[in-house]
Amino acid sequence: MHISVVIPTKNGLEYLPLLLNKLSSQKPCPPDQIFAVDSGSTDGSREILHQAGVKVVSIPPASFNHGLARNRGISEAARSDIVILLSQDAVPTSDSWLHHMLAAFSDPEVAGVYCRQVPRPSADPLTRRHVEGWITGEFTARIQDLSSRAEFDNLTPFERYLRCNFDNVCSAVRRSIWQEFHFEKTYFAEDLGWSKRVLLAGYKIAYTPDAVVEHSHNRGAFYMFQRDYACHRRLFELFGVQTIGRLRDAIRLGILTAGGDMRFLITQGAFKNITLLLGVPLKTGAQIMGQYFGARAEKQQKPLPRFLKGI
């Protein structure tokens, strides 16, 4: 089995050396090839990649697209049976990570595999809780499939989302199936769209918690609004998910959630971190409003805002 890794990159110097070192130390053997799709790095990332023997494919920064960049990388890996897709800041935690990623492909109907994510040691308590509490933080392996389109349609919107969950922070795809189902050109959630399509075509998706990457971010409020807006706009488009129906509900939820988050931080000993505490209402409010306005905009078929290009 020939294995390649594809990494979209842009100014990833902070974690790329560690990531490349982890890839080279995989046992019983490292991946056969590594490809980077670089969209204008200026921090020395390209030089690090070249020194490590990575084949770098350059694309104009303005042309970057989550789905198309990954398609470009996979197309370069023409000899590969399985292609691993990694974010430039998702770092495997063990030298058996690749072995665990590949295990589920013993079933020929498995089209894609995704793995467990854990927060970085530097993550604040709220970020840690979010990463560990989400689907990609679970410890139980699962196989996701759909018997028919009717089964999908009979699920609730959120059940559809959970059934089709897939995450290109760290995933693997069978290249022969990707040749039939390329990632779509989209501003966000190319992974979820791909998973939905392959599941409806009769294939399977596997979640493998024994394969683990370290990945988390401490983001600012505006970025969190942008990301939640993009995410929930796509969740409504793909699955009909709308978590908050009315603005007054969003405001109420924001107040209640912010209060709960601040109490949680205090119980975690973060009461001395005034900056973190004071940032909670702004960040929590940004996320809640992003969820509300994103799904609402998609439901009303509003044009895409310009800020989605920055996600």
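The values are calculated or read from the model by the stated rules, or taken from the named source; none is laboratory data. Keep in mind it's a predicted model, so treat the numbers as computed, not measured. All Cβ positions, even for glycine, are placed from backbone atoms using ideal geometry, and neighbour counts span all protein chains on display.
Data overview
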quantity: Any hit, the range 291-301, residues being more than 24 Å from the chain's Cα centre (by Cα) and either part of a helix (DSSP H, G or I) or free of Cβ contacts under 8 Å to residues at least 60 places away in the same chain (or both); calculated: yes
quantity: Members of the range 110-142 found to be in contact with an Asp or Glu (Cβ under 8 Å, 6 or more places away or on another chain) and in a loop (DSSP other than H, G, I, E, B), listed by number; calculated: PRO119, ARG120, ALA141
quantity: Residue that is over 18 Å from the mean Cα position of the chain (by Cα) and part of a helix (DSSP H, G or I), where the choices are SER176, SER195; calculated: SER176
quantity: Residue in the range 244-265 that is in contact with a helix residue (DSSP H, G or I) (Cβ under 7 Å, 6 or more places away or on another chain) and β-branched (Val, Ile, Thr) present; calculated: yes
quantity: Candidates ARG233, ARG252, ARG248, filtered to the one that is closer than 17 Å to ALA295 by Cβ, crowded, with 18+ Cβ neighbours inside 10 Å and of a type in the set (D, E, K, R); calculated: ARG233
quantity: Residues satisfying the stated conditions in the range 91-116, i.e. crowded, with 22+ Cβ neighbours inside 10 Å, under 13 Å from VAL213 (Cα atoms) and not basic (Lys, Arg); calculated: VAL91, PRO92, TRP97, LEU98, MET101, TYR114, CYS115
quantity: Helices (runs of 4 or more DSSP H) contained entirely in the range 7-104, each with at least 3 residues that are closer than 27 Å to ILE205 by Cβ; calculated: 16-24, 66-76, 97-103
quantity: Condition met for ILE143 (touching a Phe, Trp or Tyr at 6+ places or on another chain (Cβ under 9 Å), in contact (Cβ under 8 Å) with a residue 24 or more places away in the chain, closer than 23 Å to GLY67 by Cα and not assigned by TED's automatic domain parsing to the domain that holds GLY294); calculated: no
quantity: Test for LEU282: is it out of contact with any Gly (no Cβ under 8 Å at 6 or more places or on another chain), at pLDDT below 95 and not in a helix (DSSP H, G or I); calculated: no
quantity: Sole residue being modelled with pLDDT under 95 and either crowded, with 23+ Cβ neighbours inside 10 Å or β-branched (Val, Ile, Thr) (or both), chosen from THR186, THR156; calculated: THR186
